[in-house]
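Written below as structure tokens is the structure these notes are about.
The values are calculated or read from the model by the stated rules, or taken from the named source; none is laboratory data. This one's a predicted model, so the numbers in the text were calculated from it and none came from an experiment. Here the Cβ positions follow ideal geometry from the backbone for every residue, glycine too, while neighbour counts run over all protein chains shown. Heads up: the accessible areas ignore ligands, DNA and RNA and are worked out on the full protein's heavy atoms, side chains in. Shrake-Rupley method; radii C 1.70, N 1.55, O 1.52, S 1.80 Å.
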Amino acid sequence: MTGVVRGIVPSPVAFEHLGADVCGIGESRPRLSWMLPDRAAGSGAPVAHELHVASAIGEETFIAPGPGGVLSPWPATPLSSAERRDVRVRVIFADGSRSEWSPASFVEAGLLRADDWSASFVGATGADADDPLPALRRVYEVRDEVVRARLRTTAHGMYTVFIDGEPIDDALLEPGWQSYHHRLRYRTHDVTRFARTGRFVIGALLADGWYRGRLGFPLIARDGVYGSRLGFLAQLELDLVDGRRVTYGTDDSWQWRPGPIIRAGLYDGQHDDLRHPVDWSSDGGWMPVAVQGSPSARLVAPSAPPVRAKGTLAPRRIWTSPAGRTLVDFGQNLAGWVRLRVRGQTGTRITLRHAEVIEHGELGARPLRDAAAEDSVILDGRGETVWEPRFTYHGFRYVEVTGWPGSGPDLDSLEAVVVHSDLTRIGWFSCSDPLLDRLHENVVWAMRGNFVDIPTDCPQRDERLGWTGDIAVFTPTATLLYDCAGMLGSWLEDLALEQREDGTVPYFVPEIPIPHEVSHLPGLSPEPAAVWGDAAVLVPMGLYEATGDVRILARQYPSMCAWVSQVERLAGDSRVWETGFQFGDWLDPSAPAEDPAAGRTDPALVATAYFARSARLLAHAADAIDLPEDAARWRRLADDVDEGFRLRFLDETTGLLRCSSPTAYALALHFDLVPERLRGRAGAELVRLIRDDGHRIGTGFAGTPVVLHALSGVGADDDAYALIQQTECPSWLYTVRMGATTIWERWDSMLPDGSINPGEMTSFNHYALGSVATWMHEHIGGLRRTAPGWAGVHIAPRPRGGITAGSASHRSPRGLISVSWQASDEGTLRVEMQIPAGTDAVLDLPGMDPERLGGGMHVRSAALDPRQEASTV
Ligand code: BGC
């Protein structure tokens, strides 16, 4: 058969990790990805693919062997700055038949060379941090016919761009947070429709953002980490009908005036006075800008989607508190802000204070520490006003409203706007236990609340930093739920840039300089610390495993090596890392509220276990990027560390560890540090400890991501289920029982009596302990990845804990993989599966030989072992 298979149409080609139709990419040879429709899986994996690449001056076709579609190499001549190509693909099957062509998608390069830029930063003259935030503008009169117009924008501070008063895109909190000393992100906008009109006004509002605003927790907090002057930079490129390109960079032809924003800070909130609107087109009141010079940081194109408003939530309830305050519950803890709709007299000031919880009937604002988390607006009295802030965000479920005119707000006058990086959801889970479903939902919400341009620890208090340890343990889960390779890949570039020569990784990236007076305190100035520093290895490896993207590994490889070499030096000949400051098994529930590092597990054990893990992963990374000699070197090191670990921590006659805690055993077992012959003994000890704790959780940041895997790995699934289904404190479902809608920082952020944990560090939205979702997908859902980029999966549902149905699915680079199972009362397990072509799937059902499944839909049944079925401990 050689014809076209009608109805089999590949998805539009996506570029790098940015999706289809990209305007302003920072790559001259973007890699290409596409998927076949799910129903094409039955036709087998394509044997070849054909790419059609069209430019303004011609077109070319390229045929390459293999199915392609997962970051396939760019086939054509490299893109030059601002150049656009349209790309289509079709695939060729073994019988010679072809799919239809995909719809064309376009990719257009940004500015690829520093000398493509001819713009300077411009800002207000003489304005200081207490003045209203500036508005800037320039009027353009274009006489020639414009066929294409591009506007490239960035800022020192946060910004929104308007043309003729209209915001030109829906990206929020731009330019996001990079290590601005090194890199600053710009966006490219297609503004052709505005430029065609002849006269138009480009304007921008600026705010402090991460550049100038207060950043950091109390001991280290400071303003102006990157600078004290806000500045806007833009370059407008007009392609005229006669073939000329005219470029206008921001310069002294721009003007400024104070805008309607009195002040705006990430932690403290935004305050607007609508009586002073900006009239972009009227010429009154504008003053010449201060020209601040050209950028010193590298201007970089986005490698991930921007932050956007990702939905709204209506209030569940509005009521009056015991102290007489108006409180609103949005029913979900989230990151974002409140949009309000109101009528009121001019000068009326409405204030919103945000918090995550209610305590003693009032807003529980203590966990916010020094973040005021307060927005306000002064009305202009001109009819109905719809208002929301844009240059702050809050972590909240509740707001307290003051100053609302008349009888107060009603359910229709407020909505919560959910704000985070606009990542594509790719992983789902559900099961018959509603508490576990809610737990999973809480993990998703914790991720949404903390993937706000960078991976943060929390969205509510005066922190919101890119804490490395948190994302080190959460990356496997994050990549299971959302496509975050672009976003975390960008963050990793900053990690590498801020990493010290000797390999030390800052505790949070981007870094905030630590004031001299406190720099001697432990845990502030960057020093090598396990788990946190291991982010240099665990995050890129997690991205590679999820996507198969070796370029991320190749780029991060020097950073990964620097970290492992640093630990190698610190550990010395014993290979046991026992020096310096460690966070240890941070927030082990037995640690005192005020000393979260003082858990049950020897910090040297945690540090050495993670050293072994990182060294082993680094060997895999070297293999993946084809550096066999390096791989051998790291493998030898990993073997040595394994041995060093055993010599120090394992009694090889009893199989017991010298430090007894669930985390110690979970790490030793899951990271393969226990010799095969002793695994049974060590496993039994882990089970004993878990049972002694009454199946309450006993692990912190270091042990929690692995404890259930370790139990399942030694055949103790019943104990794993008992641990995850525990509802007493501390446990995951305790938080659900207490009404949590996100994952908490502490197992008992809210104490059983409904009061907030007295620790000064008590957030209700931290993702680290949500790393459990990976085990839920793999063991309850039954779907586990076995090869990078989901080229292989293992499907093995094992119903337990009274759970009678489960499902897990993942939109992998090759297509949707899904597993859905049900256990009947009669003891039959029925499993439905969907596998994309080219994914190597092995089905492993109780009592049956493993079976290899091809692409397509499959249904199988198996008899359940009555001892396994729905058993509980
Ligand atoms: C953050 C963490 C972080 C920890 C380490 C906290 O304040 O919220 O999640 O990893 O500090 O010190």
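Out of everything in the range 793-817 that is in a loop (DSSP other than H, G, I, E, B) and of a type in the set (D, E, K, R), what residue ends up being farthest from ALA621 (Cα to Cα)? Give the derivation first.
Taking the range 793-817 as the starting set, the residues that turn out to be in a loop (DSSP other than H, G, I, E, B) are 796-804, 813-814.
Keeping just the survivors that are of a type in the set (D, E, K, R) gives 798, 800, 814.
Values: ARG798: 32, ARG800: 36, ARG814: 22 Å.
So the residue we want is ARG800.
The residues of the range 742-755 that are touching a helix residue (DSSP H, G or I) at 6+ places or on another chain (Cβ under 6 Å) and either of a type in the set (Gly, Ala, Ser) or open to solvent by 10 Å² or more (accessible area, probe 1.4 Å) (or both) amount to a single one, TRP744.
If you filter the range 68-107 down to residues that are within 29 Å of the chain's Cα centre (by Cα) and aromatic (Phe, Trp, Tyr), you find that the one that is least open to solvent (accessible area, probe 1.4 Å) is TRP74.
Would it be correct to say that THR727 is at pLDDT 95 or above, farther than 18 Å from VAL859 by Cα, outside any strand (DSSP E or B) and open to solvent by 20 Å² or more (accessible area, probe 1.4 Å)?
Numbers: at pLDDT 95 or above: yes; farther than 18 Å from VAL859 by Cα: yes; outside any strand (DSSP E or B): yes; open to solvent by 20 Å² or more (accessible area, probe 1.4 Å): yes.
Yes.
Applying the criterion of being open to solvent by less than 10 Å² (accessible area, probe 1.4 Å) and β-branched (Val, Ile, Thr) to the residues of the range 509-551, the residue that is farthest from the ligand (Cβ to nearest atom) is VAL537.
Considering only residues that are at negative phi and away from the ligand (no atom under 16 Å from the Cβ), look in the range 499-508 and name the one that is surrounded by the most Cβ atoms within 10 Å (Cβ to Cβ). Before you say what the answer is, go through the steps one by one.
Narrowing the range 499-508 to residues at negative phi: 499-502, 504-508.
Now restrict to residues that are away from the ligand (no atom under 16 Å from the Cβ): 499-502.
Details: GLN499: 22, ARG500: 13, GLU501: 7, ASP502: 12.
Only one residue fits best here, namely GLN499.
Which of the residues that make up the range 135-158 are farther than 25 Å from VAL107 by Cβ and either among the basic types (Lys, Arg) or open to solvent by 10 Å² or more (accessible area, probe 1.4 Å) (or both)? Selection gives ARG137, ARG138, VAL139, GLU141, VAL142, ARG143, ASP144, GLU145, HIS156. Checked against the criterion of being within 16 Å of the ligand (Cβ to nearest atom) and of a type in the set (Gly, Ala, Ser), the candidates ALA478, ALA485 yield just one match: ALA478.
Which of the residues belonging to the range 33-66 are of a type in the set (A, V, I, L, M), crowded, with 19+ Cβ neighbours inside 10 Å, touching a strand residue (DSSP E or B) at 6+ places or on another chain (Cβ under 8 Å) and under 22 Å from ASP549 (Cα atoms)? Step through it out loud before you land on a result.
So the first thing to find is which residues in the range 33-66 are of a type in the set (A, V, I, L, M), and the list is 35-36, 40-41, 45, 47-48, 51, 53-54, 56-57, 63-64.
Narrowing the set further to residues that are crowded, with 19+ Cβ neighbours inside 10 Å leaves 35-36, 40-41, 45, 51, 53.
Retained after the next criterion (residues that are touching a strand residue (DSSP E or B) at 6+ places or on another chain (Cβ under 8 Å)): 35-36, 40-41, 51, 53.
Across the range 33-66, the qualifying residues are MET35, LEU36, LEU51.
Whenever a residue of the range 319-345 is surrounded by 15 or more Cβ atoms within 10 Å (Cβ to Cβ), its partners that are assigned to a loop (DSSP other than H, G, I, E, B) and of a type in the set (Val, Ile, Thr), lying with C-beta atoms within less than 6 angstrom and at least six residues away or across chains, give the pairs GLN332/THR741; ASN333/THR741; ASN333/THR742.
Can you give me the number of residues within the range 439-470 that are away from the ligand (no atom under 11 Å from the Cβ), over 11 Å from the mean Cα position of the chain (by Cα) and within 24 Å of VAL537 (Cβ to Cβ)? So the answer is 1.
Pairs please, first residue from the range 570-583 and over 16 Å from TRP532 (Cβ atoms) and part of a loop (DSSP other than H, G, I, E, B), second anywhere and away from the ligand (no atom under 16 Å from the Cβ) and open to solvent by 40 Å² or more (accessible area, probe 1.4 Å), Cβ atoms under 6 Å, 6+ apart in sequence or on different chains. Sorted first by the residue in the range 570-583, then by its partner, the pairs are ARG575/ASP640; VAL576/ARG648.
Number of residues in the range 601-629 that are out of contact with any Pro (no Cβ under 9 Å at 6 or more places or on another chain) and either farther than 25 Å from ALA529 by Cβ or not in a helix (DSSP H, G or I) (or both) equals 7. With respect to the conditions (1) crowded, with 18+ Cβ neighbours inside 10 Å; (2) at pLDDT 95 or above; (3) more than 30 Å from ARG366 (Cβ to Cβ), ALA264 falls short on a single one, namely (3). Within the range 705-716, residues that are within 15 Å of ARG798 (Cα to Cα) reach partners that are of a type in the set (Lys, Arg) and surrounded by fewer than 21 Cβ atoms within 10 Å (Cβ to Cβ) with beta carbons closer than 8 Å, at six or more positions or on different chains, in the pairs VAL714/ARG679. Within the range 215-226, being assigned to a loop (DSSP other than H, G, I, E, B) and away from the ligand (no atom under 16 Å from the Cβ) holds for ASP223, GLY224, VAL225, TYR226. Looking only at the range 744-792, count how many residues are of a type in the set (A, V, I, L, M, F, W, C), at pLDDT 95 or above and either within 16 Å of the ligand (Cβ to nearest atom) or not in a helix (DSSP H, G or I) (or both). Adding up the residues that qualify gives 11.
Please go through the range 69-120 and pick out each residue that is farther than 22 Å from HIS49 by Cβ and in contact with a helix residue (DSSP H, G or I) (Cβ under 9 Å, 6 or more places away or on another chain). Listed by number, the residues that qualify are SER81, ALA82, GLY110.
Yes or no, residue by residue, for (1) in contact with a Ser or Thr (Cβ under 8 Å, 6 or more places away or on another chain); (2) in a strand (DSSP E or B); (3) under 29 Å from ALA485 (Cα atoms); (4) of a type in the set (Ser, Thr, Tyr):
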residue	(1), (2), (3), (4)
ARG263	no, yes, no, no
ASP272	yes, yes, no, no
ARG275	yes, no, no, no
SER281	no, no, no, yes
GLY285	no, no, no, no
SER296	no, no, yes, yes
ALA304	yes, no, yes, no
ALA309	no, yes, yes, no
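Restricting attention to the range 225-279, the residues that are among the hydroxyl-bearing types (Ser, Thr, Tyr) and under 30 Å from ALA372 (Cα atoms) add up to 3.
Select from the range 637-688 the residues that are in a loop (DSSP other than H, G, I, E, B) and out of contact with any Leu (no Cβ under 6 Å at 6 or more places or on another chain) and list them in ascending order. Show your work before the answer.
Taking the range 637-688 as the starting set, the residues that turn out to be in a loop (DSSP other than H, G, I, E, B) are 652-655, 658-661, 671-675.
Correct list: GLU652, THR653, THR654, ARG658, SER660, SER661, PHE671, ASP672, LEU673, VAL674, PRO675.
Residues in the range 642-658 that are open to solvent by less than 90 Å² (accessible area, probe 1.4 Å) and closer than 19 Å to LEU689 by Cβ: PHE645, PHE649, LEU650, ASP651, THR654, GLY655, LEU656, LEU657.
Would you check if SER614 is closer than 30 Å to TRP744 by Cβ, hydroxyl-bearing (Ser, Thr, Tyr) and open to solvent by 10 Å² or more (accessible area, probe 1.4 Å)? It is false that SER614 is closer than 30 Å to TRP744 by Cβ, hydroxyl-bearing (Ser, Thr, Tyr) and open to solvent by 10 Å² or more (accessible area, probe 1.4 Å). In the range 698-713, is there at least one residue being farther than 28 Å from ALA622 by Cα and open to solvent by 40 Å² or more (accessible area, probe 1.4 Å)? No. Select from the range 567-596 the residues that are surrounded by fewer than 23 Cβ atoms within 10 Å (Cβ to Cβ) and closer than 15 Å to THR704 by Cβ and write down the one among them that is farthest from the ligand (Cβ to nearest atom). Ranking the candidates gives SER590 first.
Restricting attention to the range 758-791, the residues being farther than 22 Å from ARG438 by Cα and open to solvent by less than 20 Å² (accessible area, probe 1.4 Å) number 3. For the range 182-205, what are the residues that are surrounded by 16 or more Cβ atoms within 10 Å (Cβ to Cβ), part of a loop (DSSP other than H, G, I, E, B) and not hydroxyl-bearing (Ser, Thr, Tyr)? Across the range 182-205, the qualifying residues are HIS182, VAL191.
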